[in-house]
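Data block below; observations after.
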Amino acid sequence: MGSTIDTNESLRPEFFNEYWQRSHLCGSIREDMIGKEICVNGWVRRRRDLGGIIFIELWDYTGPVQIVFNPEAGAVHDRAGDLRSEYCISARGRVTKRPEGTDNFSLATGFIEIVASDFLLLSPSNPLPFEIGEGTDKVDENLRLTYRYLDLRRERMQNNLRTRGKLYSFTRNYFDANSFVEIETPVLTKATPEGARDYLVPSRVNAGEFYALPQSPQLFKQILMVSGFDRYYQIVKCFRDEDLRADRQPEFTQIDIEMSYVVEDDVMRLIEGYMKGLFKVILDVDLETPFFRMDYWDAMDTYGSDKPDLRFPTKLVNLAPVFENGSFEPFRKTLEGGGVVRALPVAGGAALSRKELTDIEERAKKMGAAGLAAFQIKDGELKGPLAKFMNTDEQAKLKEIAGINDGDALFVLAHPSRLKACNILGTLRLELCKRDESPDNRWRFLWVVRFPLFEWDEEEKRWGAVHHPFTSPVLEQLPQMETNPGSVAARAYDIVLNGSEIGGGSIRIHDPQVQAKAFACLGIKPEEARERFGFFLDALSYGTPPHGGLAIGVDRLAMFLCDGQSIRDVMAFPKTQKAQCLLAGAPSAVEDKRLDELKIKCVPAED
Ligand code: ASP
């Protein structure tokens, strides 16, 4: 080896006290600085040795700049030969125009380079577990999460987290400008029912008792309305102890808002203004407002989802008019018994093979369908196992209602449950139909409103809240709460973007008596309500303004803005599917002494 960097050099005190501080940021150097002597600090991302000349791509948060070590630099040049990836250095030199023909048009600093006169090694790096340069998205995610500090040096992660930071600053500006006040609510608190399990924190000073980490600041924000703050917001961490399905995290961030003296429209308009501003600032996209609004049952019937992805134009169809008096008995019977016959048209589906049709039916069966009848139109003729049970009129009616033509397919499902039928066809819709990729179809927002207030929990054999128990019923349906809870609509609204729910909220119950009724429907006994929410019910009885609000999921919203694949792409230190932080090694066992203080005994984990 030539001249080796003595890494101990970097531990000499002057490196800490007196290192050469940068005069400029790497990514900021331009042609108007040619001839200037400057100093830059950063990481060595790439080193190339070409014909005795050493080129280094030096990075800081503003991007890269090229540093050149010519052989004439003597010992400095030789030392530079030992620089390795991610060594942190300070380099001095003169800004120079790049030689003819070597400009890099894709870089802001691509027309200049710094011809180095000297450099200091500020801190060497161990050999890297993976490359930091771009094009390394294929690196195993667990490795990325274990060395998250290196992963975050990558340009993409830098951009994502900086965009997220912009989202925060836009959020604060917007809500401040709209007379909201940011107020923090406790993290060590009591359970709020949002439908998930709470994370519990044992109390040492009240041994045997536990705090719950908030699933949302729901009760506190409503209490802030009782207290007269009128408009509250908070960018807040929330915690839900769920089995981590797909793209969930145990701790996540919400923009939580609550407003007094409002109706649904006020909240929705405020949020539309927010989204419009945010998309303009971050993506320079002009969203059209107001967003489309759709009742829950319309969304289910039309798209088979309570968060429809409107980028897919295909709509489900109701085939009751074809089969209610039709010759095909099983479908007629399903309809007579209160069930539904619904269908999914698939443009171009006549090309699906028999094997593909069978696979699609198997998918539907896995989701709870007894069967799925496929029709295809080939050469003007309706084909499929059921076609022979239908007369010509019925066949014509089926084609007309479903809007299918030569070359298309139709998947028909009869099911005793409308909800189940919609869900199954809704899932197939996303799997089998084509997305409209036109640019003005890129961002499809909508509000889904008037959700059911309650849903039947088959396991627990009782009604549960679709949103949470503080959601107001639609007022004229109040009497139905006792007689037919399943038919009551909620004053709730979800905001959906491209098939993802990115936020939701409701107008709240502000009358303690209505709140008591809601608890009764949910099978929460008065004593239990008192024990769990007594403080809140008391607060409601001191002159509560009508109020409502909503919470927006920041992680998912940021993911959209950054074009990320997962919310982990926009979180600095996310957890794995097993709720572990691979970087810090959490959760972890604690010493017996700590457990003794908490009066907690662990039993061995079951396999
Ligand atoms: N607390 C609700 C949630 O976290 C949002 C709301 O109702 O404002 O989903």
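The values are calculated or read from the model by the stated rules, or taken from the named source; none is laboratory data. What you see is a predicted model; the values in this text were computed from it and never measured. Glycine also receives a Cβ, built like all others from the backbone with ideal geometry; neighbour counts cover every protein chain displayed.
Just to be sure I understand, how many residues within the stretch 162-186 are among the hydroxyl-bearing types (Ser, Thr, Tyr), more than 16 Å from the ligand (Cβ to nearest atom) and either in contact with a strand residue (DSSP E or B) (Cβ under 8 Å, 6 or more places away or on another chain) or touching a residue at least 12 places away in the same chain (Cβ under 8 Å) (or both)?
Quick first cut of the stretch 162-186, residues among the hydroxyl-bearing types (Ser, Thr, Tyr) only: 163, 168-169, 171, 174, 179, 185.
Right, trim to more than 16 Å from the ligand (Cβ to nearest atom) and you get 163, 168-169, 174, 179.
With the extra rule that they be either in contact with a strand residue (DSSP E or B) (Cβ under 8 Å, 6 or more places away or on another chain) or touching a residue at least 12 places away in the same chain (Cβ under 8 Å) (or both), the set shrinks to 163, 168, 174, 179.
Looking only at that region, the number is 4.
How many residues does the stretch 448-475 contain that are more than 15 Å from the ligand (Cβ to nearest atom), under 14 Å from LYS517 (Cβ atoms) and assigned to a strand (DSSP E or B)?
Residues flagged as more than 15 Å from the ligand (Cβ to nearest atom), under 14 Å from LYS517 (Cβ atoms) and assigned to a strand (DSSP E or B) within the stretch 448-475 amount to 2.
Within the stretch 570-598, can you find the residues that are surrounded by 13 or more Cβ atoms within 10 Å (Cβ to Cβ) and of a type in the set (D, E, K, R)?
Matches in the stretch 570-598: LYS575, GLU597.
Within the stretch 94-118, can you find the residues that are in a loop (DSSP other than H, G, I, E, B) and surrounded by fewer than 15 Cβ atoms within 10 Å (Cβ to Cβ)?
Residues of the stretch 94-118 that are in a loop (DSSP other than H, G, I, E, B), as a first pass: 98-111.
Result: PRO99, GLU100, GLY101, THR102, ASP103, ASN104, PHE105, SER106.
What residue, among those in the stretch 401-434 that are of a type in the set (D, E, K, R) and in contact with a helix residue (DSSP H, G or I) (Cβ under 9 Å, 6 or more places away or on another chain), is nearest to LYS307 (Cα to Cα)? Lay out the reasoning, then the answer.
Restricting attention to the stretch 401-434, the residues satisfying the condition of being of a type in the set (D, E, K, R) are 406, 408, 418, 420, 429, 431, 434.
Subset that is in contact with a helix residue (DSSP H, G or I) (Cβ under 9 Å, 6 or more places away or on another chain): 406, 408, 418, 429, 431.
On the way: ASP406: 31, ASP408: 26, ARG418: 17, ARG429: 13, GLU431: 15 Å.
The extreme case among them is ARG429.
Among the residues of the stretch 511-530, are any surrounded by fewer than 20 Cβ atoms within 10 Å (Cβ to Cβ), of a type in the set (S, T, N, Q) and within 30 Å of GLU458 (Cβ to Cβ)?
Within the stretch 511-530, one or more residues are surrounded by fewer than 20 Cβ atoms within 10 Å (Cβ to Cβ), of a type in the set (S, T, N, Q) and within 30 Å of GLU458 (Cβ to Cβ).
Condition check ((1) hydrophobic (A, V, I, L, M, F, W, C); (2) buried (at least 17 other Cβ atoms within 10 Å of the Cβ)) across all residues:
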site	(1), (2)
GLY208	no, no
LEU213	yes, yes
VAL226	yes, yes
ILE235	yes, yes
PRO250	no, yes
ILE255	yes, yes
VAL267	yes, yes
LEU278	yes, yes
PHE291	yes, yes
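Results for (1) free of Cβ contacts under 8 Å to residues at least 40 places away in the same chain; (2) in contact with a Lys or Arg (Cβ under 9 Å, 6 or more places away or on another chain); (3) acidic (Asp, Glu); (4) more than 28 Å from PHE210 (Cα to Cα), shown as yes or no for each residue.
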| residue | (1), (2), (3), (4) |
| --- | --- |
| GLY553 | no, no, no, no |
| CYS562 | no, yes, no, yes |
| GLN565 | yes, no, no, yes |
| PRO574 | no, yes, no, no |
| ALA584 | yes, no, no, no |
| GLU591 | yes, no, yes, no |
| LEU595 | yes, yes, no, no |
| VAL603 | yes, no, no, no |
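So which of ALA589, ALA520 is within 31 Å of the chain's Cα centre (by Cα), at pLDDT below 95, of a type outside the set (Val, Ile, Thr) and over 22 Å from LEU310 (Cα atoms)? Please lay out each step first, then the result.
Working: ALA520 fails: within 31 Å of the chain's Cα centre (by Cα).
Answer to the selection: ALA589.
Filter the stretch 374-433 down to the residues that are under 20 Å from ASN325 (Cβ atoms) and not hydrophobic (A, V, I, L, M, F, W, C) and list them by number.
LYS388, ASN391, THR392, ASP393, GLU394, GLN395, LYS397, LYS399, GLU400, HIS415, PRO416, ARG418
Would it be correct to say that GLY486 is away from the ligand (no atom under 15 Å from the Cβ), closer than 30 Å to GLY407 by Cα and of a type outside the set (Lys, Arg)? Outline the logic, then answer.
On the way: away from the ligand (no atom under 15 Å from the Cβ): yes; closer than 30 Å to GLY407 by Cα: no; of a type outside the set (Lys, Arg): yes.
When the stated conditions are applied, GLY486 does not pass them.
Considering only residues that are touching a Leu at 6+ places or on another chain (Cβ under 9 Å) and hydrophobic (A, V, I, L, M, F, W, C), which ones fall in the stretch 224-269?
VAL226, CYS238, PHE239, ILE255, ILE257, MET259, VAL262, VAL267, MET268
When you go through (1) within 15 Å of the ligand (Cβ to nearest atom); (2) among the hydrophobic types (A, V, I, L, M, F, W, C); (3) in contact with a Ser or Thr (Cβ under 9 Å, 6 or more places away or on another chain) one by one for PHE445, which number turns out not to apply?
(1)
Residue by residue, here is whether (1) modelled with pLDDT under 95; (2) loosely packed, with under 14 Cβ neighbours inside 10 Å; (3) of a type in the set (S, T, N, Q); (4) touching an Asp or Glu at 6+ places or on another chain (Cβ under 7 Å) holds:
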residue: ASP32; (1), (2), (3), (4): no, yes, no, no
residue: CYS39; (1), (2), (3), (4): no, no, no, no
residue: ILE56; (1), (2), (3), (4): no, no, no, no
residue: THR62; (1), (2), (3), (4): no, no, yes, no
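Looking only at the stretch 280-318, how many residues end up being more than 30 Å from ALA343 (Cα to Cα) and out of contact with any helix residue (DSSP H, G or I) (no Cβ under 8 Å at 6 or more places or on another chain)?
Initially, the stretch 280-318 is screened for residues more than 30 Å from ALA343 (Cα to Cα), giving 280-290.
Now drop any that are not out of contact with any helix residue (DSSP H, G or I) (no Cβ under 8 Å at 6 or more places or on another chain), which leaves 280, 284, 288.
Adding up the residues that qualify gives 3.
Go through the residues of the stretch 172-179 one by one and say whether even a single one is touching a Leu at 6+ places or on another chain (Cβ under 9 Å) and surrounded by fewer than 16 Cβ atoms within 10 Å (Cβ to Cβ).
The answer is yes; a qualifying residue exists.
Go through the stretch 187-263 and tell me which strands (runs of 3 or more DSSP E), entirely inside it, have 3 or more residues that are away from the ligand (no atom under 12 Å from the Cβ), more than 21 Å from the chain's Cα centre (by Cα) and over 28 Å from GLU141 (Cβ atoms). Step through it out loud before you land on a result.
Numbers: elements: 200-202, 210-212, 231-239, 251-260.
The strands (runs of 3 or more DSSP E) meeting that bar are 200-202, 210-212.
Looking at (1) modelled with pLDDT under 95; (2) surrounded by 20 or more Cβ atoms within 10 Å (Cβ to Cβ), can you tell me which one ALA191 breaks?
Answer for ALA191: the failing condition is (2).
Return the residue satisfying two criteria in turn: it lies in the stretch 348-384 and is of a type in the set (Asp, Glu) and out of contact with any strand residue (DSSP E or B) (no Cβ under 8 Å at 6 or more places or on another chain), and of such residues it is surrounded by the fewest Cβ atoms within 10 Å (Cβ to Cβ). Show your work before the answer.
We begin by selecting, within the stretch 348-384, every residue of a type in the set (Asp, Glu); these are 356, 359, 361-362, 379, 381.
Remaining after also requiring out of contact with any strand residue (DSSP E or B) (no Cβ under 8 Å at 6 or more places or on another chain): 356, 359, 362, 379, 381.
Numbers: GLU356: 14, ASP359: 12, GLU362: 12, ASP379: 8, GLU381: 10.
My answer is ASP379.
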